[in-house]
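Please read the structure below before turning to the comments.
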Amino acid sequence: MSANEISLRPAQETDAWALSAIHIAAIKALPATFYTQKELLAWRYYRNKADGSNILKSMKVETYWVAIEGDAVVGFASFIVDELIGLYVHPKYQGKGIGRALVQHFCDEATEQGVGEVITTASLYAEGFYLRLGFTAIQRAPHYLRSGIVVPVTKMSKPLAPAPKSI
């Protein structure tokens with residue numbers, strides 16, 4: 001599979017449980033190198049089974065886009081104007097350009113809205129990925145998980161080229 005064999009579309013409410021399952025699977029696949037097992041468990045809301053309720057709530061304020069391969073949702077991104085909030089790709093599909101395609105879509109959407117720079121808060125695992133996509137690390141910062149546990153993250157930004165002007 002390559003990024004050419006996936007398509008992107010706006011997420012629908014019916015995708016919420018698939019997105020939750022991807023979120024859980026992606027975090028469960030991470031080794032406890034940057035975060036402890038307790039922190040990783042809190043990051044996935046102490047869940048082993050999908051529960052789309054948090055995603056449904058977030059869909060009211062965040063824009064969600066999904067990556068589709070065949071009939072399956074394999075990854076997603078959520079964002080608000082200039083901030084990439086979440087990016088997750090199912091572990092079976094990682095390394096195939098899906099995350100890159102979702103980030104590029106986010107940047108394209110921001111450019112179309114006249115945004116000159118986008119930001120994200122990257123986990124320590126994702127920092128290298130974002131650096132390869134042209135983001136710059138701004139600073140290490142604490143991130144407060146919903147459970148109250150605090151984990152270190154990296155605040156990052158990326159300048160965008162202005163959208164071409166229509167004649």
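All of the numbers you see were taken from the coordinates with simple rules; none came from a lab. The structure displayed is predicted, hence computed values, not measured ones. Quick reminder, even Gly has a Cβ in these numbers, built from the backbone with ideal geometry, and neighbours come from all protein chains shown.
Out of everything in segment 1-21 that is outside any loop (DSSP other than H, G, I, E, B) and in contact with a helix residue (DSSP H, G or I) (Cβ under 9 Å, 6 or more places away or on another chain), what residue ends up being farthest from L56 (Cα to Cα)?
Looking only at segment 1-21, we keep the residues that are outside any loop (DSSP other than H, G, I, E, B), and these are 3-5, 7-10, 13-21.
This time we only want the ones that are in contact with a helix residue (DSSP H, G or I) (Cβ under 9 Å, 6 or more places away or on another chain), so: 3, 8, 13, 15-17, 19-20.
Values: A3: 27, L8: 19, E13: 6, D15: 9, A16: 6, W17: 9, L19: 10, S20: 10 Å.
By that ranking, first place goes to A3.
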Consider only pairs whose beta carbons are under 9 Å apart and that are at least six residues apart or on different chains; among these, list those whose first residue lies in segment 84-113 and is under 16 Å from Y64 (Cα atoms) and touching a residue at least 60 places away in the same chain (Cβ under 8 Å) and whose second residue is surrounded by 15 or more Cβ atoms within 10 Å (Cβ to Cβ) and among the acidic types (D, E).
G86/E62; I98/E69
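Looking at segment 81-120 only, could you name the residues that are of a type in the set (S, T, N, Q), assigned to a helix (DSSP H, G or I) and surrounded by 16 or more Cβ atoms within 10 Å (Cβ to Cβ)? Write out each step before concluding.
Of all residues in segment 81-120, those of a type in the set (S, T, N, Q) come to 94, 104, 111, 113, 120.
Still in the list and also assigned to a helix (DSSP H, G or I): 104, 111.
The one that is of a type in the set (S, T, N, Q), assigned to a helix (DSSP H, G or I) and surrounded by 16 or more Cβ atoms within 10 Å (Cβ to Cβ): T111.
Which one is surrounded by the fewest Cβ atoms within 10 Å (Cβ to Cβ), of the residues in segment 121-132 that are outside any helix (DSSP H, G or I) and hydroxyl-bearing (S, T, Y)?
Start the filter on segment 121-132 by keeping residues that are outside any helix (DSSP H, G or I), which leaves 121-126.
Next cut, hydroxyl-bearing (S, T, Y) only: 121, 123, 125.
Details: T121: 16, S123: 19, Y125: 14.
Out of the qualifying residues, it is Y125.
Among the residues of segment 45-79, write down those that are assigned to a loop (DSSP other than H, G, I, E, B), touching a residue at least 12 places away in the same chain (Cβ under 8 Å) and under 28 Å from E5 (Cβ atoms).
Step one: of segment 45-79, the residues assigned to a loop (DSSP other than H, G, I, E, B) are 45-52, 59-62, 70-71.
Next, only the ones that are touching a residue at least 12 places away in the same chain (Cβ under 8 Å) stay: 45-52, 59, 61-62.
Those that are assigned to a loop (DSSP other than H, G, I, E, B), touching a residue at least 12 places away in the same chain (Cβ under 8 Å) and under 28 Å from E5 (Cβ atoms): A50, G52, M59, E62.
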Assess whether I22 counts as being touching a residue at least 60 places away in the same chain (Cβ under 8 Å), among the β-branched types (V, I, T) and under 28 Å from G148 (Cβ atoms).
yes
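Any residue at all in segment 72-80 that's surrounded by fewer than 18 Cβ atoms within 10 Å (Cβ to Cβ) and either closer than 24 Å to V118 by Cα or aromatic (F, W, Y) (or both)?
Step one: of segment 72-80, the residues surrounded by fewer than 18 Cβ atoms within 10 Å (Cβ to Cβ) are 72, 80.
Next, from what is left, pick out any that are either closer than 24 Å to V118 by Cα or aromatic (F, W, Y) (or both): 80.
Yes; the residues of segment 72-80 include at least one that is surrounded by fewer than 18 Cβ atoms within 10 Å (Cβ to Cβ) and either closer than 24 Å to V118 by Cα or aromatic (F, W, Y) (or both).
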Just the residues that are β-branched (V, I, T) and surrounded by 20 or more Cβ atoms within 10 Å (Cβ to Cβ), please, taken from segment 48-71.
I55, V66
I'd like the full set of residues that are within 20 Å of N54 (Cβ to Cβ) and of a type in the set (A, V, I, L, M, F, W, C), limited to segment 75-105.
F76, A77, F79, I80, L84, I85, L87, V89, L102
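For T136, state whether it is surrounded by fewer than 19 Cβ atoms within 10 Å (Cβ to Cβ), of a type in the set (S, T, Y) and either more than 20 Å from L8 (Cα to Cα) or in contact (Cβ under 8 Å) with a residue 24 or more places away in the chain (or both).
yes
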